[in-house]
Amino acid sequence: MTTSPDMAAFVAGLPKAELHVHLQGAASVPTILELSRRYPEAGLPLEEDELREFYRFRDFDHFLSVYMAVNELVRTPDDVQALVEGLGRDLAAVNVRYAEVTVTADSHLLAGMDPAGVAEALSAGRAATLARTGVELAYTYDINGAHGLAGAERTISWAERFPAEGSVGFGLGGPEAGAPRTAYADAFNRARDIGLASVPHAGETTGPQSIRDSLDALGAVRIGHGIAAAQDRSLMAELIERDVVLEVCPTSNVCTRAVDSLEEHPFTILREAGVRVTLNTDDPGMFDTDLNREYVIAHDVFGVDRTGLLDLARESVRSSLAAQPVKDRILAEIDDYAAASLSE
Ligand code: ADE
Ligand code: ZN
């Protein structure tokens, strides 16, 4: 991929929102190396080239096993806070103004962390990020489908009892096969009762049915990935009708082998059908990407022009769970940027 310097600069300056990024998966290579050297008994790579090799995934299950192994390096609320602050710095560097960070709180609880301490670490990391960078962070808590209903219960009870500042969403990640979305309806109902919007992963590695189940049983307002919708015209029509947004993560889908290549990614099918789509990174530290790169891919591979990239940035803000004044502020910044850059 050869990107023009002009396009790279345009994307780098574009104010935008990130709606799908996992806290652990976002940790940079240097951050993970620092943790693996601090906790050598975990047996994870201690050198950069080994870690990059460790991050080459054979298939989706292999990706999940690596992801779970990396989770074991996050052991204390201070580790959690450091990850949040590191992510905040990385987001600021790519002109992300607002981000919804997915936190698998259950992993932290299973690691023996104090439940209140986890929420305090999230609140403190968010406050420090806002003060230092101006980036507004919000949180989504995802159930890990590998932990079944017991994990769902731990996740929702924790969110009910220890609401961190900036809690906005409730999700479902991990394996999709063998983790039917319908099984988690109770947890998502409880999440809605405490003001958390439904944003499950679906249609990433299984077919359209998991998206339909997410709409019908979980009341999804956005879908994590959702790329399988491209296989089903009536489902795309339903997403449009219900005004549901997809959090598309192109590089992730190639790295986890959910799709064979960027060229075969269904982004364009979804967008041209009129489905609302946003661009996201998922696990940028593991996939060696950032949000600027995803926008550049949209231009270079999917043929989205500057006006289209501006619209994608606006869509990321509009479909976020941010408070209206936050949305209005970032949308105004995008309008100013458009006026300045398109008149050049
Ligand atoms: N957790 C982190 N990344 C994920 C992905 N791409 N799908 C499901 N769960 C995840
Ligand atoms: Zn994800």
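I'd like the full set of residues that are part of a loop (DSSP other than H, G, I, E, B), away from ligand 2 (no atom under 16 Å from the Cβ) and either farther than 24 Å from Arg314 by Cα or open to solvent by 30 Å² or more (accessible area, probe 1.4 Å) (or both), limited to region 222-261.
Asp232, Asp243, Asp260, Ser261
It is to be established whether one or more residues within region 141-151 are more than 14 Å from Ser123 (Cβ to Cβ), within 16 Å of ligand 2 (Cβ to nearest atom), within 20 Å of the chain's Cα centre (by Cα) and hydroxyl-bearing (Ser, Thr, Tyr).
no
What do you reckon, is Arg212 in contact (Cβ under 8 Å) with a residue 12 or more places away in the chain, farther than 15 Å from Asp142 by Cβ, more than 17 Å from the chain's Cα centre (by Cα) and away from ligand 2 (no atom under 16 Å from the Cβ)?
Against the criterion (in contact (Cβ under 8 Å) with a residue 12 or more places away in the chain, farther than 15 Å from Asp142 by Cβ, more than 17 Å from the chain's Cα centre (by Cα) and away from ligand 2 (no atom under 16 Å from the Cβ)), Arg212 qualifies.
Tell me which residues, restricted to region 152-181, are of a type in the set (Gly, Ala, Ser), within 21 Å of Ile194 (Cβ to Cβ), outside any helix (DSSP H, G or I) and away from ligand 2 (no atom under 16 Å from the Cβ).
Once the filter is applied, which keeps residues that are of a type in the set (Gly, Ala, Ser), within 21 Å of Ile194 (Cβ to Cβ), outside any helix (DSSP H, G or I) and away from ligand 2 (no atom under 16 Å from the Cβ), region 152-181 yields Ala164, Gly166, Ser167.
Can you run down the residue pairs with Cβ atoms below 6 Å, 6 or more apart or on separate chains, where the first is in region 4-29 and within 17 Å of Glu247 (Cβ to Cβ) and the partner is in a strand (DSSP E or B) and charged (D, E, K, R)?
Every condition considered, the pairs that remain are Leu19/Glu100; Leu19/Glu247; His20/Glu247; His20/Asp282.
What is the one condition in (1) closer than 16 Å to Pro284 by Cβ; (2) within 16 Å of ligand 1 (Cβ to nearest atom) that Val74 does not satisfy?
Of everything listed in (1) closer than 16 Å to Pro284 by Cβ; (2) within 16 Å of ligand 1 (Cβ to nearest atom), Val74 misses just condition (1).
Can you give me the ranges of the helices (runs of 4 or more DSSP H) entirely in region 50-137 with at least 2 residues that are over 20 Å from the mean Cα position of the chain (by Cα) and of a type outside the set (A, V, I, L, M)?
Answer list for region 50-137: 77-93, 115-133.
Do you know which residues across region 129-147 are over 13 Å from Gly166 (Cα atoms) and either touching a strand residue (DSSP E or B) at 6+ places or on another chain (Cβ under 7 Å) or touching a residue at least 24 places away in the same chain (Cβ under 8 Å) (or both)?
Arg132, Thr133, Gly134, Asp142, Ile143, Asn144, Gly145, Ala146, His147
Looking at region 272-288, is at least one residue of a type outside the set (Ser, Thr, Tyr), part of a helix (DSSP H, G or I), more than 14 Å from ligand 2 (Cβ to nearest atom) and surrounded by fewer than 23 Cβ atoms within 10 Å (Cβ to Cβ)?
Yes, region 272-288 contains a residue that is of a type outside the set (Ser, Thr, Tyr), part of a helix (DSSP H, G or I), more than 14 Å from ligand 2 (Cβ to nearest atom) and surrounded by fewer than 23 Cβ atoms within 10 Å (Cβ to Cβ).
Considering region 146-186 alone, what residues qualify as being touching an Asp or Glu at 6+ places or on another chain (Cβ under 9 Å), of a type in the set (Ser, Thr, Tyr) and either within 23 Å of Pro208 (Cα to Cα) or open to solvent by 10 Å² or more (accessible area, probe 1.4 Å) (or both)?
Thr182
Look at Val29 and say whether it is away from ligand 1 (no atom under 16 Å from the Cβ), open to solvent by less than 30 Å² (accessible area, probe 1.4 Å) and not acidic (Asp, Glu).
The answer is yes for Val29.
Every residue in region 324-339 that is open to solvent by less than 60 Å² (accessible area, probe 1.4 Å) and of a type outside the set (Ser, Thr, Tyr), please.
Val326, Lys327, Ile330, Leu331, Ala332, Glu333, Ile334, Ala338
Do we have any residue at all in region 29-52 that's on the phi < 0 side of the Ramachandran plot and within 16 Å of ligand 2 (Cβ to nearest atom)?
No, region 29-52 has no match at all.
Give the residue that is surrounded by the most Cβ atoms within 10 Å (Cβ to Cβ), with candidates limited to residues of region 204-214 that are of a type outside the set (S, T, N, Q) and more than 20 Å from Glu100 (Cα to Cα).
Per the criteria, the residue is Ile211.
For region 39-64, which residues satisfy the criterion of being among the basic types (Lys, Arg) and free of Cβ contacts under 8 Å to residues at least 12 places away in the same chain?
Arg56
The values are calculated or read from the model by the stated rules, or taken from the named source; none is laboratory data. No experiment lies behind these values; they were computed from the predicted model shown. Because the Cβ atoms are built from the backbone with ideal geometry, glycine has one as well, and the counts that use them run over all protein chains shown. Surface accessibility is based on the protein's heavy atoms, side chains included, excluding ligands, DNA and RNA. Shrake-Rupley method; radii C 1.70, N 1.55, O 1.52, S 1.80 Å.
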